[in-house]
Amino acid sequence: MPTSEELLAKTHRPAEDVLRLHPFYHGKIQIAPKCPVGGLSDFAIWYSPGVAAPCEAIHRNPELVYEYTNRGNTVAVVSDGTRVLGLGDIGPEAGLPVMEGKSLLFKYLGGVDAVPLCLGTKDPDEFIHAVKLLEPSFGGINLEDIAQPKCFRILDALRKEMGIPVWHDDQQGTATVVVAALLNALKVVGKEMSRVRFAFVGMGAANVAVYRLLRVAGIDPAQVVACDNSGTLHRGRTDFETRQETCADQWRVCTETNPDRVVGGLESALRGADVCLAFSASGPGVIRPGWVETMARDAIVFACANPVPEIWPWEAKAAGARIVGTGRGDFPNQVSNSLAFPSIFRGTLDVRAKAITDGMALAAADELARFAEQRGGDWAGVRDPANG
């Protein structure tokens, strides 16, 4: 078994490689033609004068745009750079490597062409207006790395006002994968979704969406104690009560969950919990091993902050957690939206759906969990440490 020092050293390697390879390739995506070009004469078909014919056909019947162009297989990955990974508000230019990476995953994992678009505004109304103007060119919109609470308003507005699917991967994609991971992790530890207690660590875009989807999946809000950097959420949180217009989701969690009115910080929320769902500040040290020790037997810990989880997985296991997942692809048990969004958009675009509903997300979670179970005894990486 590698030592904790060796494991820690391994976590630094991706950053070292990336700073060498990104400038070598000048990014990681490009646009390439999909049609054959045998010579200059072919441009008369693919461009002028031949291109006028499909233009006229689409003008007569706008639905033909999906037959004559790549619109039906093209997604815009749109961000303002205000909540990039665990890095915070670093701006649209600094967020562009992430959007390029997202576009790479779309193509590699789903066969979907994606265009990274980082907008030079922090104003939610300008953002909404800009994205709405993009609709004629895209089959779907993937919102990414937008600070809360405006991310909720932007998503809700665009889903209502656009005729193509709009998806916020930090919300809906994360929630879908968490549900899938929970389904299988709970099987491993022999517990039922309806009987476990959840500790939510962080109540930003990710965990708000996880809570919403788990509610749709049937959990009782009484099973939940949530916590942010100001403490546990309960009816006495006047900071959210006085900001219900901008923090409606967090205030809903305050009023629906934590019936015993557990107060305090993360330590209080984790005590006795069966499942920890952490999407908070980049760690390590946000969650302490001693707090994991107070969780229920056969605890599940998903420490999903990026780029560094709230607690190192080997520390959580040493503290007694039976299953540990993180958001990183270089650790076992990845709980990341990259497992879901390429295939969800693939199916959505193929059927020309106008929206991606909670029902579709739950169906995707069920299928992802079933597929992982089919893959074999390691539950697609959700290994039981007791059995190696």
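Each value in this text was obtained by applying a stated rule to the coordinates, not by laboratory testing. Just so we're clear, the structure is a prediction, and the values are computed from it rather than from any experiment. Heads up, the Cβs are rebuilt from the backbone with ideal geometry, glycines too, and the neighbour counts pull from every protein chain shown.
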- Item | Highest to lowest packing among 301-313, 72-84, scored as the average C-beta count within 10 Å | 301-313, 72-84
- Message: Between 0 and 90 degrees, rounded to the nearest ten: what's the tilt of helix 150-161 against the longest Cα principal axis of the chain?
- Response: 50
- Note on the structure: One would report the antiparallel percent of DSSP beta bridges in the stretch 17-169, rounded to the nearest 5, as 5
- Net charge of Cβ neighbours under 9 Å - reference Pro165; Lys, Arg +1; Asp, Glu -1: +2
- In the stretch 17-169, if every C-alpha pair distance is counted and binned at 10 Å from zero, what percent goes to each bin? 10, 33, 31, 19, 6, 0
- per DSSP, antiparallel bridges as share of beta bridges in the chain, % nearest 5, sits at 10
- Note on the structure: In degrees, nearest 10, the alpha-carbon axis of helix 341-350 is tilted away from the dominant principal axis of the alpha carbons of the chain by 40
- Lysine pairs in the stretch 74-214 with Cα atoms under 17 Å, if 8 or more residues apart or on separate chains: 5
- Among the aspartates and glutamates, which fall within straight-line cross-link reach of Lys28, defined as a Cα-Cα distance under 17 Å, with same-chain neighbours fewer than 8 residues apart omitted? Glu16, Asp17, Glu93, Glu100, Asp113
- Between the Cα axis of helix 124-133 and the main Cα principal axis of the chain, the angle (0 to 90°, nearest 10) is 40
- Query: So what's the net charge close to Leu182: Lys and Arg +1, Asp and Glu -1, counting the other residues with Cβ under 12 Å from its Cβ?
  - Reply: -1
- Which peptide among 200-207, 344-351 comes first, and what is the full order, when sorted by highest mean count of other Cβ atoms within 10 Å? 200-207, 344-351
